[in-house]
1. Looking at (1) loosely packed, with under 13 Cβ neighbours inside 10 Å; (2) modelled with pLDDT of 95 or more, which is the only condition GLN53 fails?
2. Out of GLU64, GLU88, which single residue is out of contact with any Phe, Trp or Tyr (no Cβ under 9 Å at 6 or more places or on another chain), modelled with pLDDT of 95 or more and farther than 30 Å from GLN161 by Cα?
3. Being at pLDDT 85 or above, outside any helix (DSSP H, G or I) and either closer than 24 Å to LYS112 by Cα or open to solvent by less than 40 Å² (accessible area, probe 1.4 Å) (or both): is that true of VAL25 here?
4. Taking the condition of being of a type in the set (A, V, I, L, M, F, W, C) and surrounded by 16 or more Cβ atoms within 10 Å (Cβ to Cβ), how many residues in the range 57-85 meet it?
5. Which members of the range 75-90 meet the condition of being farther than 26 Å from GLY105 by Cβ and either touching a residue at least 24 places away in the same chain (Cβ under 8 Å) or among the small types (Gly, Ala, Ser) (or both)?
6. Out of the range 19-74, which residues are more than 29 Å from GLN100 (Cβ to Cβ) and without any contact (Cβ under 8 Å) to a residue 60 or more places away in the chain?
7. Being not in a helix (DSSP H, G or I) and not basic (Lys, Arg) is the requirement here; does VAL56 meet it?
8. Scan (1) touching a residue at least 40 places away in the same chain (Cβ under 8 Å); (2) over 21 Å from GLU29 (Cβ atoms); (3) of a type in the set (Gly, Ala, Ser); (4) open to solvent by 90 Å² or more (accessible area, probe 1.4 Å) for the single condition SER146 breaks and write down its number.
Amino acid sequence: MRRFIVALTALFMCIGVASAQKYIVVDSEKIFRSIDQYNTAMTTLDNLAKEYQAKVDATYAAVENLYNNYMAQKANLTAAQRNAKEQEILTKEQAATEYQQSVFGNDGVMMKKRIELIQPIQKRVFSVIDNYAKAGGYDMVLDKASNATMLYCSEAVDHTQKIIELLK
């Protein structure tokens with residue numbers, strides 16, 4: 001209910017703003033998908049993520065295997081041996097977690113690769129949209145791809161295809 005009220009309030013605000021301003025709507029997802037370089041970068045990132053995920057899974061599987069072996073031998077081990085095995089398991093589990101974070105975390109390898117591959121394309125797209133809006137005298141550009149509260153969009157204000165054409 002709260003989400004509906006927020007969406008309704010935003011809609012009324014947009015109606016009030018739209019009557020005083022000139023605006024256009026674009027679909028950034030469609031724009032990005034129309035760029036071959038973006039599609040190639042996304043495929044590269046997906047493949048890289050699969051490779052890293054396989055390594056992370058293998059690391060955790062090794063920890064699980066070590067734990068299962070320990071549980072099977074636990075009754076036959078001395079207290080010192082149990083402590084040593086438990087410490088080894090914890091150390092390897094911590095290393096696996098750190099590796100996963102180094103790959104998939106906010107400052108990880110995948111985020112850096114994503115920035116390297118996608119950011120130049122984003123800058124180019126946003127620059128074209130900015131220049132298009134300025135040249136057309138538009139006050140506002142709405143992105144219907146990321147605005148979940150947009151309930152309707154007239155084709156007359158959707159300039160997605162024009163942006164795609166400018167990028168080619």
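1. All conditions are met except number (1).
2. It is GLU64.
3. Criteria met by VAL25.
4. Counting residues in the range 57-85 that are of a type in the set (A, V, I, L, M, F, W, C) and surrounded by 16 or more Cβ atoms within 10 Å (Cβ to Cβ) gives 1.
5. ALA75, ALA79, ALA80, ALA84
6. SER19, ALA20, ARG33, ASP36
7. In short, no.
8. Failing condition for SER146: (2).
The values are calculated or read from the model by the stated rules, or taken from the named source; none is laboratory data. Everything quoted here is computed from the prediction, not taken from an experiment. Don't worry about glycine lacking a Cβ; one is built from the backbone with ideal geometry, like all the others, and counts go over all protein chains shown. Only protein heavy atoms, including side chains, enter the accessible area calculation; ligands, DNA and RNA are left aside. Shrake-Rupley method; radii C 1.70, N 1.55, O 1.52, S 1.80 Å.
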